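Contents: one structure, followed by commentary.
The values are calculated or read from the model by the stated rules, or taken from the named source; none is laboratory data. All values reported here derive from a predicted model rather than from experimental measurement. Cβ atoms come from the backbone with ideal geometry, glycine included; neighbour counts cover every protein chain shown.
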């Protein structure tokens with residue numbers, strides 16, 4: 001389970017089309033063919049989607065020197081941070097982004113990352129990051 005939640009290319013078993021959690025039951029996707037809806041997704045799959053959005057929607061605003069606020073779920077943020085920080089595939093399992101703690105990235109004129117930091121004290125960041133890490137830890141027997 002840890003590799004499914006934290007690994008890069010390992011997909012969890014697909015959700016069955018009859019499962020009520022399958023995206024085909026979500027009204028937002030009613031206009032899409034069922035075969036287009038993912039029943040499973042790895043971080044690599046998420047990264048493909050996130051980087052397309054990054055290139056098409058976010059970079060143009062950064063190129064215009066605009067400030068951007070991104071609100072997303074954990075795996076989307078992990079994919080973006082992996083890209084921005086050049087985190088190797090094997091090391092991504094250790095990245096736990098604290099939920100609800102703003103993470104600021106600053107870029108130079110060529111859009112290289114200059115620095116990044118959380119808008120919280122280190123103790124708070126570590127505490128919330130540990131809670132995120134424990135989400136992927138199986139309970140003790």
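When we screen 57, 41, 35 for residues that are closer than 19 Å to residue 13 by Cα and loosely packed, with under 13 Cβ neighbours inside 10 Å, the only hit is 35. Within the stretch 51-72, is even one residue in contact with a strand residue (DSSP E or B) (Cβ under 8 Å, 6 or more places away or on another chain) and closer than 20 Å to residue 112 by Cα? Yes: the stretch 51-72 contains one or more residues that are in contact with a strand residue (DSSP E or B) (Cβ under 8 Å, 6 or more places away or on another chain) and closer than 20 Å to residue 112 by Cα. Of all the numbered requirements in (1) touching a residue at least 40 places away in the same chain (Cβ under 8 Å); (2) not in a helix (DSSP H, G or I), residue 105 misses one, and that requirement is (1). When 139, 98 are checked against the criterion of being touching a helix residue (DSSP H, G or I) at 6+ places or on another chain (Cβ under 6 Å), in a loop (DSSP other than H, G, I, E, B) and either at pLDDT below 90 or surrounded by 12 or more Cβ atoms within 10 Å (Cβ to Cβ) (or both), a single residue qualifies: 98.
The rows are residues; the columns are (1) in contact (Cβ under 8 Å) with a residue 12 or more places away in the chain; (2) surrounded by 10 or more Cβ atoms within 10 Å (Cβ to Cβ); (3) assigned to a loop (DSSP other than H, G, I, E, B).
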| position | (1), (2), (3) |
| --- | --- |
| 61 | no, yes, no |
| 68 | no, yes, yes |
| 78 | yes, yes, no |
| 82 | yes, yes, no |
| 87 | no, yes, yes |
| 115 | no, no, no |
| 120 | yes, yes, yes |
| 128 | yes, yes, no |
| 133 | yes, yes, no |
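Pick from the stretch 118-136 the residues that are in contact with a helix residue (DSSP H, G or I) (Cβ under 9 Å, 6 or more places away or on another chain) and over 17 Å from residue 72 (Cα atoms): which of them is modelled with the highest pLDDT? By that ranking, first place goes to 120.
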